[in-house]
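The values are calculated or read from the model by the stated rules, or taken from the named source; none is laboratory data. As the structure is a prediction and not an experimental result, all values here were calculated from the model. Using ideal geometry, Cβ is built from the backbone for each residue, glycine included, and neighbour counts are taken over all protein chains shown.
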Amino acid sequence: MLTANQQEFLRSLLSRARTRTHHNPKPFQRGWQVSSDEVRSSAGPDERDPALLGGAIDRLIVNRGWDLNVATGQLHAGWAEMIGHTNAQHVSIETFDLDPSGQSGVLVLRADSTAWATQIRYLLASLQTQLDESIGFGRVSEIVVNGPTAPSWKHGLRSVKGRGPRDTYG
């Protein structure tokens, strides 16, 4: 229990604290002053908040113009998963050339045989959908599927004109 003098002392401290707070709403600052134009943190997000590394890398890639090169790398790296391991053994990416706009490209595929080239041509719609999902919509504007290259039958200076052999390779 407090004595009467102690209670009176606490009341006087409390009243002085109330009057000081009422007249001077700013708390006591030790040796430094905060300017009124200084931005303080708030509960909402702002540009000074920490950012995720993945988002920062994505912004860097887009700002530098590397997004199509990264998409090409993703295409080559994930080709077997995209098209299937069996199809990937027989059909490979030959080139991925940019359109004149520079925003999309033409994907040229090379098949081991004409049968595999035909099979991939049947799967072009689903392949385009998978490409749009994995590397970005509209990155591949056209897909060209080429069959195997046949050897040249022109030997020497005297070659016979005509139809020559047909596609019997594969």
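Residues are listed down the side, and each one gets a yes or a no for (1) modelled with pLDDT under 60; (2) closer than 30 Å to Q103 by Cβ; (3) part of a loop (DSSP other than H, G, I, E, B):
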| residue | (1), (2), (3) |
| --- | --- |
| R20 | yes, no, no |
| P27 | yes, no, yes |
| R30 | yes, no, yes |
| R40 | no, no, yes |
| G55 | no, yes, no |
| V62 | no, yes, no |
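For G138, work out the one condition from (1) at positive phi; (2) surrounded by 12 or more Cβ atoms within 10 Å (Cβ to Cβ); (3) at pLDDT 70 or above; (4) of a type outside the set (A, V, I, L, M) it doesn't fulfil.
Result: G138 passes all but (2).
Could you check how many residues of the stretch 93-129 are over 22 Å from the mean Cα position of the chain (by Cα), of a type in the set (G, A, S), surrounded by 14 or more Cβ atoms within 10 Å (Cβ to Cβ) and within 16 Å of E142 (Cα to Cα)?
Matching residues across the stretch 93-129 total 1.
Please verify whether Q103 is touching a residue at least 24 places away in the same chain (Cβ under 8 Å) and part of a loop (DSSP other than H, G, I, E, B), treating the condition exactly as stated.
Yes: the conditions hold for Q103.
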